[in-house]
Amino acid sequence: MFLLFCSRRRENIINLVAFICHYCGVHAQQRVIKARSQFTLFFIPLFSFPTRFVNECTNCGGQTSLTADQAAHSLAGAASQR
């Protein structure tokens, strides 16, 4: 018997913000990323793992975990600056 199963991760950049990075100390663009993982069997998605939000520095690549509220706050801040 032959089974094909895997987990697939999808990442979407939902916002760009600029501030001083905690890791490298440089004022650089920070990506707010929404990451979702799914477990698949025979290329059919069966279930999803909880969604993660991450802040990633474009200068050094340092990542910080965010809550859903913090990610939504960054979107609201970007919308108010337009």
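Descriptive notes on the structure:
- Gain on full stretching of the segment that runs from Asn12 to Leu75 - 0.36 nm per residue minus C-alpha separation: 21.3 nm
- Shown are Glu11, Glu56, whose ranking by accessible area with a 1.4 Å probe and every protein chain present, most to least, is Glu11, Glu56.
- 18 Å cut-off, amide nitrogen to a point 7 angstrom out along Leu41 Cα→Cβ, residues in the range 1-26: 1-8
- Relative contact order %, the chain, counting alpha carbon pairs below 8 Å whose residues are six or more apart: 26
- Exposure rank, largest accessible area first [Ser74, Ser7; 1.4 Å]: Ser7, Ser74
- The mean accessible area for residues of the chain, using a 1.4 Å probe and ignoring ligands and nucleic acids, is 74 Å² per residue.
- For the range 15-20, the Karplus equation 6.51 cos²θ - 1.76 cosθ + 1.60, evaluated at θ = phi - 60°, returns couplings of 6, 10, 10, 10, 6, 6 Hz by residue, with Gly and Pro reported as x.
- From the alpha carbon centroid of the range 30-70 to that of the range 5-27 is 9 Å.
- Assuming charge only on the beta carbon of Lys and Arg (+1) and of Asp and Glu (-1), the dipole of the chain about its Cα centre is about 200 debye to the nearest 20.
The values are calculated or read from the model by the stated rules, or taken from the named source; none is laboratory data. Worth saying up front: this structure is predicted, and the values here are computed from it rather than measured. A quick note on method: Cβ atoms are made from the backbone with ideal geometry, for glycine too, and the neighbour counts reach across all protein chains shown. Heavy atoms of the whole protein, side chains included, go into the accessibility calculation; ligands, DNA and RNA do not. Shrake-Rupley method; radii C 1.70, N 1.55, O 1.52, S 1.80 Å.
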